[in-house]
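Asks: Pasting a structure here, questions to come.
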Amino acid sequence: PNQRSASAPNRTAWRGLRFPSPPSHSRAPAVPQVLHHPQTMEDWRSAFAEEWDAVVMGTGMKECLLSGLLSVAGKKVLHVDRNNYYGGASASLDIQQLFSKFAGSAEPSEAELGKLRDYAVDMVPKFIMAGGQLVKVLIHTGVANYMEFKPVDGSYVYRKGSSGGKIFKVPTTPKEAMKSGMLGMVEKGRMAQFTAWVDAVKLEDRASWVSKGMTGSTKLALDTMSGAEFFKFWKLDPSTVEFLTHACALYRDETYLSKPAYEIVERMKLYLDSMLRFPGMTSPYLYTLYGLGELPQAFARLAAVHGGTYMLNRDLEGVPVFGPDDLTVEYEGGVACGVKCQEVVARTKVVIADPSYFPKLCVPVGKVVRAIALLGTPVAGAEDCDSFQVIFPAAQVARKNDLYLFCCGAGHKVAPQGRYVAFLSTTVETSVEGESAQATAMRELAGGLQMLGNATRIFYDVTDLMKPAKDGAADKVFLSESFDATTHFETAITDVLAMYKRISGADLVLTDGPQQ
């Protein structure tokens, strides 16, 4: 679904990524497919009869990214999916697919929802940190040539109050700190001093780890002092520390208190630097046009260009080639040596897959609940933003885990003009056997659901969080982790790069573009 044409709109290249220019709200025509599909049983068997450096199972974002990286590195990759579409758990659905998945026999209506063909709804929506690792990987591989990106308008944090909760723009500069409505006058001064220091400090230069105050200079041992000691030094209010660590440094809990201050500053500098990564940024985030389903397809196309072979589970007539239980791992001496489909084995050195292919090799680590809302009006407090993220720090909503609100509209071509797609997500803290997704959402997402009160339609989804039981070093079966509740890619790209190191034995060395 959602493939676009090589005859894409005019684009401008900004430091390695492609942005639309001029803006257009019409959907581009479909891309001619360059990926390989099994056309006949003979073709399928002949592909499986070959020997491969890696067989990748599932076309989720993580798996496609890895197959692209391995293909670029010269590895021979076979990539299969038991679905007949790209994306796996991270697919983008059109409005008919969304209703089919969540609304039973109900049909979408243009009178209710606007132009139906303009919807592209991610199942795992995540914004991309402009200065983060994923952007570096996109530039390193050249995948950015197959996609278009647009900055996200806003980054907000939720604060509770005596008369109800409210969202505030995350202040990241001294000027924004002085204007922020969530800081008192004394705290504005402290915050302005702190953000100016973070912006100026150079982590690679210990001589710059100095705070210059009215009474003299203080050297900060960022590599040995804890986060608790670091924030005590700056005398910031606990509520200020809360939004700095959760909404800027993107910590999901209070572990930053015992982390080295160096890591906290590094994360905050990533946030600030991302604000300056491309012209006109008003948040640190980017997002693809037409939804994140573009990402796995772009990496799939990259792998195909470098000789990778892709097989979705359909022939030219759309008939499945293999059944749901046909793909299994073959072992020799406890080490994976191939992937078996029916009686044919594709010999391989490593197997890569998402958790759904081998649940018995994974351990459950929780659940994620999401509310998927189709909105006809802007979210209160963010009326001037077509796209934005809100982080609800756990303490602000009486929880142990943060809530995350993702919202996007016509500017990123995922909804009709004047309409929005919003997701509210968190980690489930109280799991009740047999409970409906809606009941789980009403309890777990209660702190943020009031912001979706004007939704035209709202659906609920609960998914399992799975992690591999082993790291794959011994048996050469490397499994990704399930996508968590966050609405940014930082945790997902960390998992991918860790998997790449386990698979290849070395860190990925990122460059400024494809090497000729």
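Asks: Scan region 260-268 and tell me whether some residue there is modelled with pLDDT of 95 or more and among the aromatic types (Phe, Trp, Tyr).
Replies: Checking region 260-268: at least one residue is modelled with pLDDT of 95 or more and among the aromatic types (Phe, Trp, Tyr).
Asks: Turning to a different aspect of this structure: I need the helices (runs of 4 or more DSSP H) fully contained in region 192-300, keeping only those with at least 3 residues that are open to solvent by 30 Å² or more (accessible area, probe 1.4 Å) and in contact with a Gly (Cβ under 9 Å, 6 or more places away or on another chain).
Replies: It comes to 261-275.
Asks: Which pairs turn up if I take residues in region 401-424 that are open to solvent by 20 Å² or more (accessible area, probe 1.4 Å) and look for partners that are outside any loop (DSSP other than H, G, I, E, B) with beta carbon separation below 6 Å, at least 6 apart in sequence or on another chain?
Replies: Here the result reads Asn401/Ala394; Asn401/Thr426; Asn401/Thr427; Gln417/Ala410; Tyr420/Leu375; Tyr420/Cys407; Tyr420/Gly409, each pair linking region 401-424 to a residue that is outside any loop (DSSP other than H, G, I, E, B).
Table: residues versus (1) crowded, with 18+ Cβ neighbours inside 10 Å; (2) at pLDDT 95 or above; (3) assigned to a loop (DSSP other than H, G, I, E, B).
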site	(1), (2), (3)
Tyr86	yes, no, yes
Lys101	no, no, no
Gly104	no, no, yes
Glu107	no, yes, yes
Ala111	no, yes, no
Pro125	yes, no, yes
Leu134	yes, no, no
Val137	yes, no, no
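Asks: Still on this model: Which residue is modelled with the lowest pLDDT, if the candidates are limited to region 139-161 and must be among the small types (Gly, Ala, Ser) and either touching a Phe, Trp or Tyr at 6+ places or on another chain (Cβ under 9 Å) or over 20 Å from Val390 (Cα atoms) (or both)?
Replies: Looking at the filtered set, the residue picked out is Ala144.
Asks: Contact list please: Cβ distance under 8 Å, first residue in region 202-222 and charged (D, E, K, R), second residue modelled with pLDDT of 85 or more and in a loop (DSSP other than H, G, I, E, B), pairs at least six apart or on different chains.
Replies: Here the result reads Lys219/Trp209, each pair linking region 202-222 to a residue that is modelled with pLDDT of 85 or more and in a loop (DSSP other than H, G, I, E, B).
Asks: Being closer than 12 Å to Leu272 by Cβ, open to solvent by 20 Å² or more (accessible area, probe 1.4 Å) and either among the basic types (Lys, Arg) or within 28 Å of the chain's Cα centre (by Cα) (or both) is the filter here; which residues of region 171-191 pass it?
Replies: Within region 171-191, Thr173, Glu176 meet the criteria.
Asks: Need a quick list: strands (runs of 3 or more DSSP E) entirely within region 403-516 having at least 3 residues that are touching a Gly at 6+ places or on another chain (Cβ under 9 Å).
Replies: Filter on region 403-516 gives 403-409, 420-427, 455-468.
Asks: Restricting the first residue to region 252-267 and requiring it to be over 16 Å from Leu203 (Cα atoms), which pairs with a second residue that is open to solvent by 80 Å² or more (accessible area, probe 1.4 Å) meet a Cβ separation below 9 Å and a spacing of at least six or different chains?
Replies: Hits for this filter: Asp253/Lys400; Tyr256/Arg267.
Asks: OK, next. When both residues are 6+ apart or on different chains and their Cβ atoms are under 8 Å apart, which pairs have a first residue that lies in region 96-110 and is among the aliphatic types (A, V, I, L, M), and a second that is open to solvent by 30 Å² or more (accessible area, probe 1.4 Å)?
Replies: So the pair list comes out as Ala103/Arg457.
The values are calculated or read from the model by the stated rules, or taken from the named source; none is laboratory data. This one's a predicted model, so the numbers in the text were calculated from it and none came from an experiment. All Cβ positions, glycine included, derive from the backbone under ideal geometry; neighbour counts span all protein chains shown. Please note that ligands, DNA and RNA were not included when accessible areas were found on the heavy atoms of the full protein model with its side chains. Shrake-Rupley method; radii C 1.70, N 1.55, O 1.52, S 1.80 Å.
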